[in-house]
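**Q** Take a look at the following structure, please.
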Amino acid sequence: MKQIVFATNNKNKLREVREILGEQIEILSLEEIGCHEDIPETSDTIEGNAKQKATYIADKYHVDCFADDTGLEIEALNGAPGVYSARYAGMERGAGHNRRKVLTEMKDKENRKADFHTAIYLVLNGKHHLFEGTIFGHITHSERGMGGFGYDSIFVPDGYDKTFAELGDDIKNIISHRAIAIHKLVKFLLQQK
């Protein structure tokens, strides 16, 4: 089975990607390769952050590696939080603070259109590849659902009447922005010799 490192310290993302991939490819965590440092994310784009993380790990640990970055882009907030989604309420704040900040900023907005955009950057055999996934939807007026992570409890994907947090992992892992990008990655990896 092909082994590849997923450059993340986010246990939720790691679990989600492993569930999406099933047994097709063995995903190693940063912890499993002995990487315990914070990986720089200083780009002003989602794609740039994914590239920065994957390249850092591939160069330092000499492994095939992929990294992702995801942003929630809200039309009424001019695309915010975007690349700053993970730290929207501040570097020391968590996901709950980020969600509350979005809901506060959206309080009087009629236009609630939003999308999640994921970029996955792969370094494989020294070559670089980019895979992307986007899902459109809208922001709720309050948090709904106990599942998921990040902004899942305030985002309803188009075609559904429940948030990602209410839909559960089985559905989310089929339709989400990350799932779309991961399936492109998997298709590519399975075509490699």
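The values are calculated or read from the model by the stated rules, or taken from the named source; none is laboratory data. None of these values were measured; they are calculated from a predicted model. As a convention, Cβ positions derive from the backbone with ideal geometry for all residues, glycine included, and neighbour counts pool all protein chains shown.
**Q** Among all residue pairs at least 6 apart or on different chains, which show Cβ distances below 6 Å where the first residue, located in the range 2-24, is part of a loop (DSSP other than H, G, I, E, B) and the second is among the charged types (D, E, K, R)?
**A** Note: pairs meeting the criteria are 7/53.
**Q** Let me ask another. When you scan the range 145-158, do you find a residue that is of a type outside the set (S, T, N, Q) and part of a helix (DSSP H, G or I), even just one?
**A** So far as the range 145-158 goes, yes, one or more of its residues are of a type outside the set (S, T, N, Q) and part of a helix (DSSP H, G or I).
**Q** Here's something else I'd like to know. Restricting to the range 127-176, name every residue that is without any contact (Cβ under 8 Å) to a residue 12 or more places away in the chain and within 23 Å of residue 4 (Cβ to Cβ).
**A** 127, 174
**Q** Would you mind stating whether residue 115 is surrounded by fewer than 22 Cβ atoms within 10 Å (Cβ to Cβ), touching a strand residue (DSSP E or B) at 6+ places or on another chain (Cβ under 6 Å), free of Cβ contacts under 8 Å to residues at least 24 places away in the same chain and over 30 Å from residue 61 (Cα atoms)?
**A** The answer is no for residue 115.
**Q** Within the range 139-146, does at least one residue satisfy the condition of being within 18 Å of residue 81 (Cβ to Cβ) and touching a strand residue (DSSP E or B) at 6+ places or on another chain (Cβ under 8 Å)?
**A** yes
**Q** Given the criteria charged (D, E, K, R), within 25 Å of residue 11 (Cβ to Cβ) and either outside any loop (DSSP other than H, G, I, E, B) or in contact with a Phe, Trp or Tyr (Cβ under 7 Å, 6 or more places away or on another chain) (or both), does residue 166 qualify? Explain how you work it out, then say what you get.
**A** Details: charged (D, E, K, R): yes; within 25 Å of residue 11 (Cβ to Cβ): yes; either outside any loop (DSSP other than H, G, I, E, B) or in contact with a Phe, Trp or Tyr (Cβ under 7 Å, 6 or more places away or on another chain) (or both): yes.
Spelling it out, residue 166 is indeed charged (D, E, K, R), within 25 Å of residue 11 (Cβ to Cβ) and either outside any loop (DSSP other than H, G, I, E, B) or in contact with a Phe, Trp or Tyr (Cβ under 7 Å, 6 or more places away or on another chain) (or both).
**Q** Looking at residue 54, is it closer than 17 Å to residue 132 by Cβ, surrounded by 20 or more Cβ atoms within 10 Å (Cβ to Cβ) and touching a strand residue (DSSP E or B) at 6+ places or on another chain (Cβ under 7 Å)?
**A** Numbers: closer than 17 Å to residue 132 by Cβ: yes; surrounded by 20 or more Cβ atoms within 10 Å (Cβ to Cβ): yes; touching a strand residue (DSSP E or B) at 6+ places or on another chain (Cβ under 7 Å): yes.
Judged against the criteria, residue 54 is a match.
**Q** Then there's this: Going through the range 100-131 one residue at a time, which ones are of a type outside the set (D, E, K, R) and either under 19 Å from residue 164 (Cβ atoms) or part of a helix (DSSP H, G or I) (or both)? Break it down stepwise before answering.
**A** Restricting attention to the range 100-131, the residues satisfying the condition of being of a type outside the set (D, E, K, R) are 102-104, 106, 111, 114, 116-126, 128-131.
Hits for the range 100-131 are 102, 103, 104, 106, 114, 116, 117, 118, 119, 120.
Rundown of residues vs (1) under 20 Å from residue 169 (Cβ atoms); (2) under 16 Å from the mean Cα position of the chain (by Cα); (3) among the acidic types (Asp, Glu), yes/no style:
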position	(1), (2), (3)
14	yes, yes, no
21	yes, yes, no
25	yes, no, no
34	no, no, no
46	no, yes, no
64	no, no, yes
77	no, no, no
83	no, yes, no
90	no, no, no
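**Q** Now a separate question. Quick check on my filter: what residues within the range 128-172 are more than 17 Å from residue 71 (Cβ to Cβ), at pLDDT 95 or above and β-branched (Val, Ile, Thr)?
**A** 140, 156, 163
**Q** When you scan the range 1-12, how many residues do you find that are closer than 10 Å to residue 29 by Cβ and in contact with a strand residue (DSSP E or B) (Cβ under 8 Å, 6 or more places away or on another chain)?
**A** The total comes to 4.
**Q** Taking only the range 1-20 into account, find how many residues are among the aliphatic types (A, V, I, L, M), surrounded by fewer than 19 Cβ atoms within 10 Å (Cβ to Cβ) and modelled with pLDDT under 80.
**A** Residues meeting the conditions: 1.
**Q** If you don't mind, there's one more thing I want to ask. Taking the conditions exactly as written (in contact (Cβ under 8 Å) with a residue 40 or more places away in the chain, in a helix (DSSP H, G or I) and under 15 Å from the mean Cα position of the chain (by Cα)), does residue 73 satisfy them or not?
**A** Answer is no for this residue.
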